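Note sheet for the following structure.
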Amino acid sequence: MEDCKAVLDWYILAGVEETCADEPYNALKSSINNFAAKPLPPTATAVENTAPRPAVTELSQINTAACRYAQDICDKAQTLDDLRAMMETFDGCSLRFSANSTVFGYGNPQAEVLIIGEAPGADEDRLGEPFVGRSGQLLTKMLSAIGLKREDCYIANILPWRPPGNRTPTSDEVAVCLPFLKKQIELVNPKIIFILGRSAANALLDNAESISSLRGRFIDYTSPNGTVFPTLSSFHPAYLLRTCSQKGKSWVDLLRLKRKLAEM
Ligand code: URA
């Protein structure tokens, strides 16, 4: 009994706060089966000097293969429906095995404003739609304060699967899922991208700056097909729920978004 308690205490200390399935799942084994045997398709970066240093550990090699597999899939998708179907069967990210739903982007496929959050939480995982919990309710109010309806925007996350216990996604998980978000951006082709929170901003803009320094600035994002999209980053609604004192700055950002849209 004491031993069981010690193990549970250790799990909690390590950030594991809930169980996701009845059976343990060996993410490493599944990924090896799915990806290690696949020959990697040649990529343009392989012949450039700027190619990243080859991955040396088994895990990072598997992740590199999964990233390329995700990119291959995205290259083939012609529509959001194609992409959604492909994403729902994609098994290169172990998060999908602990999540209840694949939370694909929601909203107007021709939206002028595309909103990006980090990852689904418990409510989103249960209902299969992004930003439907408390953060989502605040987001809906924030948008309506500048005359935007939630359903007129397109709302997506960096990750379509909930990380267990809402832990911060690892950089490998972000890397595997990012091609799906980038493809959604290309297919929706919005006028502007509104990014919520540091991890979404860092992932899409490929930087490591704090949200305090990124927020309120228009920064161009160039998609893999070469289209340039203006982005504006701001605080994540979940952070605003915890830190009301930052709501004033968030309001300034929303007004910037509104003005920019009016000028476009
Ligand atoms: N937080 C996010 O970043 N995305 C959601 O969909 C919900 C909460």
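The values are calculated or read from the model by the stated rules, or taken from the named source; none is laboratory data. This is a predicted model, so every value here is computed, not measured. Ideal geometry is used to build each Cβ from the backbone, glycine not excepted, and the neighbour counts take in all protein chains shown. Side chains included, ligands, DNA and RNA excluded: accessible areas come from the protein's heavy atoms. Shrake-Rupley method; radii C 1.70, N 1.55, O 1.52, S 1.80 Å.
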Integer Hz, Karplus 6.51/-1.76/1.60 couplings in order for segment 84-91, x for Gly and Pro: 4, 4, 5, 5, 5, 9, 5, 10
So what J values fall out for segment 144-156 if you push phi through Karplus, 6.51 cos²θ - 1.76 cosθ + 1.60 with θ = phi - 60°, rounded to Hz, Gly and Pro as x? 5, 5, 10, x, 10, 9, 3, 6, 7, 8, 10, 10, 9
What ranking, highest mean first, results for peptides 159-166, 240-247 when packing means the other Cβ atoms within 10 Å averaged over each residue? 159-166, 240-247
Taking H placed 1.01 Å from N in the peptide plane, check which residues at least 5 places from PHE194 or on another chain put their amide H under 5 Å from its amide H. LEU114, ILE115, ILE116, LEU232
Classify segment 147-264 as rounded, prolate or oblate, taking a ≥ b ≥ c as the square roots of the eigenvalues of its Cα gyration tensor: rounded when a/c is under 1.5, otherwise prolate if a/b is larger than b/c and oblate if not. oblate
What does the accessible area per residue of segment 55-123 come to in Å², with a 1.4 Å probe and no ligands, DNA or RNA counted? 46
Find the accessible area per residue for segment 127-214; the probe is 1.4 Å, ligands and nucleic acids are left out, and the unit is Å². 37
Starting from the Cα of LYS258, draw a straight line to each of the lysines and keep only those under 23 Å, dropping any in the same chain fewer than 8 residues away. LYS141, LYS149, LYS191, LYS247, LYS249
Mind listing the phi-derived Karplus ³J(HN,Hα) values for segment 186-194, rounded to whole Hz, using 6.51, -1.76 and 1.60 with θ = phi - 60°, and x for any glycine or proline? 5, 6, 7, 6, x, 6, 8, 10, 10
In the neighbourhood of SER101 defined by beta carbon distances under 13 Å, the net charge of the other residues (Lys, Arg +1; Asp, Glu -1) is -1
Answer rounded, prolate or oblate for segment 72-164, using the Cα gyration tensor with square roots of eigenvalues a ≥ b ≥ c: rounded when a/c is under 1.5, else prolate when a/b is larger than b/c, else oblate. oblate
Would you mind counting up the charge near CYS74? Only other residues with Cβ under 10 Å from its Cβ, with Lys and Arg at +1 and Asp and Glu at -1. -1
Please calculate the 1.4 Å probe accessible area of GLU118, with all protein chains present, and give it to the nearest 10 Å². 50
